[in-house]
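Below is one structure, written out as structure tokens; comments come after it.
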Amino acid sequence: MSKGRVALLLDYSPKVINLVTGKKRRFEYLKLYLFVQPKTNLEKQHNRETEHLAENIRAHRQLDMQAALHGFAPDYKRLQSFNAYFRRLANRQRGMNRHNWDSAVRYFEKFADGDIRFIDIDLSLCEDFKAYLRSGPKLREARAGIGHNSALSYFNKFRNALKQAWREKLVLDDFYALSRGLKEREALVEFLTMSDIRLLLQTPASSELCKRVVLFGILTGLRFCDIHALIWQEVRGTADQYYLQFSQRKTLKTQHMPISNQAYELLGERELPGSRVFKKLYYNQIRDFLVQWPAQAGITKHLTFCCLRHTYATLQLNNGTDIYTVSKMLGHRHVKTTQRYTRLLDQKKRETTNRIIIDGI
């Protein structure tokens, strides 16, 4: 180097795998230097301290290589960012699961208020994050705080990330097992009755597009993300045998769904195979529409697009469709998921009240 200095480097012989980049290397430049002919006491002290530091680095590198050889994570890896690791795991997800992982990461970053390293993670931090989620935080002031079941979902994503980190030996304890998840609560499931739907149809709608989408959601039980992404190539069949062939955005499961002639008519005029069925459709439109249209019809229920899916399920069950068929139509993986709708069947409950009659009362 200039000014009578020499640079220090580690010489690996033979070449080794760089634990950071994964590539083979022979030399590692330490960004340290010595004076070749130190002239002052300060330069001599600099050489002594730099040689001592370089020797410590060499010893740590050797320990890291030995740890990796025996299946342990090197110390420097445990000093890396858990935040960045959590984000990378989220980026690997697909479909609606990606959205939930993204939200979990954002809430963790807000909770942490800075970078958390693997070495910083302990049971206390896990429990504090759980308590933070249960407090119903919100990312933006304009939004409501998250509910219990959302907190459950986000905390489970965090626990899954810790489970993966433990498998990779980036944390020393299995915090997935040590920090228990939250118990699911039965959420209030709002839905429309046939009387409500008749009221809606008698009420003028501010948007014909939103009206068609809402009615299509009631007739098919599809999620908004699947309706939004629906293209004409996925709409197939002929009269009385129309069906949709598509991949669910949430589960990535291929779905073959028969639809009624009435549902098909709501799609409008057929266009090119690759074009969207419902063009210029945005969730904010539907969200606001589901507040305004029912209110104008005199319906006081708090409705979201998920309520249309609940409406489809309850109407099908009320009209005698067996739960296994409804489960298949909704694209549920397990019938247990569909069973929650059976609790909403007031009509069936009313029928059972008259099945036991005691004479003489």
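The values are calculated or read from the model by the stated rules, or taken from the named source; none is laboratory data. Just so you know, these numbers come straight off a predicted model, no measurement behind them. Positions of Cβ are backbone-derived with ideal geometry, glycine not excepted, and every protein chain shown enters the neighbour counts.
A few points about this structure:
- Failed item, numbered, when residue 246 is tested on (1) exposed (fewer than 12 other Cβ atoms within 10 Å of the Cβ); (2) under 23 Å from the mean Cα position of the chain (by Cα); (3) free of Cβ contacts under 8 Å to residues at least 60 places away in the same chain: (1)
- Scanning region 56-90 for residues that are outside any helix (DSSP H, G or I), at pLDDT below 80 and surrounded by 14 or more Cβ atoms within 10 Å (Cβ to Cβ) turns up 72, 73, 74.
- Whichever residue in region 293-317 is part of a loop (DSSP other than H, G, I, E, B) and β-branched (Val, Ile, Thr) and, among such residues, is surrounded by the most Cβ atoms within 10 Å (Cβ to Cβ): 299
- Residue check, residue 102 out of contact with any Phe, Trp or Tyr (no Cβ under 6 Å at 6 or more places or on another chain) and either modelled with pLDDT of 95 or more or in a helix (DSSP H, G or I) (or both): yes
- The single residue among 250, 280 that is at pLDDT below 95, of a type in the set (D, E, K, R), at positive phi and out of contact with any strand residue (DSSP E or B) (no Cβ under 8 Å at 6 or more places or on another chain) turns out to be 280.
- Helices (runs of 4 or more DSSP H) within region 133-242 that include 2 or more residues under 25 Å from the mean Cα position of the chain (by Cα): 148-167, 175-178, 208-220, 224-229
- When 226, 288 are checked against the criterion of being buried (at least 18 other Cβ atoms within 10 Å of the Cβ) and either closer than 25 Å to residue 99 by Cβ or of a type outside the set (S, T, N, Q) (or both), 226 stands alone in meeting it.
- Meets criteria (hydroxyl-bearing (Ser, Thr, Tyr), more than 25 Å from residue 83 (Cβ to Cβ), touching a strand residue (DSSP E or B) at 6+ places or on another chain (Cβ under 7 Å) and surrounded by fewer than 18 Cβ atoms within 10 Å (Cβ to Cβ)) for residue 206: no
- Looking across region 318-338, the residues that are over 24 Å from residue 184 (Cα atoms) and assigned to a helix (DSSP H, G or I) come down to 318, 325, 329.
- Exclusive hit being of a type in the set (Gly, Ala, Ser) and surrounded by 18 or more Cβ atoms within 10 Å (Cβ to Cβ), set 165, 177: 165
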